[in-house]
Amino acid sequence: MKNKIIQILKSHDGHMSGEEMSQKLKVSRAAIWKNVEELRHQGYEILAVPNLGYRLASCPDKLFPSEIQCGLKTKILGKKIIYFDSVQSTMEEAFRLGMEGSEEGTVVCAEGQTKGKGRLGRSWMSPKGKGIYMSIILRPNMSPGQASQLTLLSAVALCESVRRVTGVQATIKWPNDLLVGKKKLAGILTELNAEMDRVWFVVVGVGINVNTSLHALPEGSTSLKVEAKQSFLRVALMQDILESFEQWYERLAIQGFKAVTKRWRELSSTLGRRVCIHNGEKSLEGEAVDINEFGALIICNDDGVKMTHMAGDVVEV
Ligand code: BTN
């Protein structure tokens, strides 16, 4: 009912009387009033003028499914959104939903996370109401070996969205961190549920520092607000990311991984740079020369020997 009230108020210019609304929704005026009160509590600014009725003055910048889905131009991504005000990690929730058979494109998002997970066992700072923290469930028809394609694809989709919506010229650090200069703006975590030769589902977790202040971020990180010196509407950015993600996901199915790697190379700040890669006990320094057809990073050391790296942590030196 609350969603319907918001939809009606959004699509209506000027005021709408309680009487008209109660007729449209076939409920009492008291029920309308009660729901309007609850919506105000959620942060919607709904003005009530005697003899004229209700008018929506502003919406809260909350990642409510109704807000994200309003005008969202996707076919599968975000058709089902599970929202939490606070949760340990959207990855855990999405993985559980994946195990229960949730459909492809299901998105889990939260205003804040108390145990946000990063790559390589790290944590992800997720202050409430400041960033975008979401996990997307995909059911691609691919082998576990091909799943790294989604890692690079996610970075491309995210990077394009950030540039388009905010104008901040983010770049991709291999494999899928988003940087501004040398500072980390966003991270992506990909988790799989698979058998030897078949992926059952993939969860792509995206964390972006949107309106986060510098003091709430780990050292070496930044946010869109810090970079652009202005706040951004998280809803608009999340919608664009879902749309961009779906377009790239379709392109991968139709044109293959080459289309993704081509765009990845254009957006990356790693290639052509001197890097140090840490992989468990080992570390290696050299020039990052390219990525291969699996998305692995090719590093050329000072002796001219090329080595490929599928995983690890890259530092641009
Ligand atoms: C990284 O760069 O280390 C990856 C960070 C991924 C963070 C996101 S926030 C939403 C989702 N839920 C989590 O717990 N982690 C991912």
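Would you work out which of Asn279, His309, Ala296 lies farthest towards the positive end of the dipole of segment 262-317? Charges go on Cβ: Lys and Arg +1, Asp and Glu -1.
The residue sitting farthest along the positive end of the dipole is Ala296.
With +1 on the Cβ of every Lys and Arg and -1 on the Cβ of every Asp and Glu, and nothing else charged, how large is the dipole of segment 161-277 about its Cα centre, in debye rounded to the nearest 20?
640 debye
With the dipole of segment 105-147 worked out from charges on the C-beta (+1 for Lys and Arg, -1 for Asp and Glu) around the Cα centre, which of Val108, Gly131, Ser143 lies farthest toward the positive end?
Projecting each Cα onto the dipole axis, the largest value belongs to Gly131.
Determine the dipole magnitude for the chain: charges of +1 sit on the beta-carbon of Lys and Arg, -1 on that of Asp and Glu, nothing else is charged, the reference point is the Cα centre, and the result goes in debye to the nearest 20. Show your work: numbers first, answer last.
On the way: 41 positive and 36 negative charges, 154 e Å.
Value, rounded to 20: 740 debye.
With unit charges on the beta carbon (Lys/Arg positive, Asp/Glu negative), name the residue among Gly256, Phe64, Ala216 whose Cα is farthest towards the positive pole of the charge dipole of the chain.
Final value for the positive-end residue is Phe64.
Considering only the other residues whose Cβ falls under 12 Å of the Cβ of Gln255, what net charge follows from Lys and Arg at +1 and Asp and Glu at -1?
Cβ neighbours under 12 Å give a net charge of +3.
Span-like helices, the chain: DSSP H, alpha-carbon axial extent 18 Å or more, mean Kyte-Doolittle 0.0 or greater, which ones?
Sorted by number, the helices that extend far enough and score high enough are 148-166.
Of Val202, Val317, Val289, how do they rank once you tally other Cβ atoms within 10 Å and put the fewest first?
Going from least to most buried by this count: Val317, Val289, Val202.
From the helices alone, meaning DSSP H stretches of at least four residues, give me the mean residue ellipticity at 222 nm for the chain, per-run term -39500 (n - 2.57), in deg cm²/dmol to the nearest 500.
-10000 deg cm²/dmol
Taking the Cβ of Ser231 as the center, what net charge do the other residues with Cβ under 10 Å away carry, scoring Lys and Arg +1 and Asp and Glu -1? Don't skip to the answer; put the middle values down first.
Numbers: positive: Lys130, Lys225, Lys229, Arg234; negative: Asp61.
Net of charged neighbours comes to +3.
Need the C-alpha centroid separation for segment 243-317 versus segment 172-191, integer Å.
What the calculation gives is 12 Å, centre to centre.
I need the phi-derived Karplus couplings for segment 137-142: 6.51 cos²θ - 1.76 cosθ + 1.60, θ = phi - 60°, integer Hz, Gly and Pro marked x.
In residue order, the calculated couplings are 8, 10, 10, x, 8, 8 Hz.
Among Thr90, Thr166, Thr308, what is the fewest-to-most ranking by other Cβ atoms within 10 Å?
With the fewest neighbours first, Thr90, Thr166, Thr308 line up as Thr308, Thr166, Thr90.
Rounding to the nearest 20 debye, state how big the charge dipole of segment 215-266 is about its Cα centre with +1 on each Lys and Arg Cβ and -1 on each Asp and Glu Cβ.
Details: 8 positive and 7 negative charges, 38 e Å.
Here the size comes out at about 180 debye.
Pairs Lys24/Lys62; Lys2/Lys73; Lys128/Lys183; Lys75/Lys262: which exceed 29 Å Cα-Cα?
Numbers: Lys24/Lys62 26 Å; Lys2/Lys73 22 Å; Lys128/Lys183 21 Å; Lys75/Lys262 25 Å.
In this structure, no pair lies more than 29 Å apart at Cα.
Can you give me the C-alpha center-to-center distance between segment 97-161 and segment 37-95, rounded to a whole angstrom?
Going from one Cα centre to the other spans 20 Å.
Pairs of alpha-carbon atoms within less than 8 angstrom and 6+ residues apart define the contacts here; what relative contact order does the chain have, in percent?
About 13 percent, as a whole number.
How much net charge surrounds Val317 when only the other residues with a Cβ under 10 Å from the Cβ of Val317 are counted, with Lys and Arg +1 and Asp and Glu -1?
Once all neighbours under 10 Å are counted, the net charge is 0.
Where a number appears in this text, it was derived from the coordinates with a stated rule and is not lab data. Quick caveat, the model's predicted, so the values are computed rather than measured. Ideal geometry is used to build each Cβ from the backbone, glycine not excepted, and the neighbour counts take in all protein chains shown.
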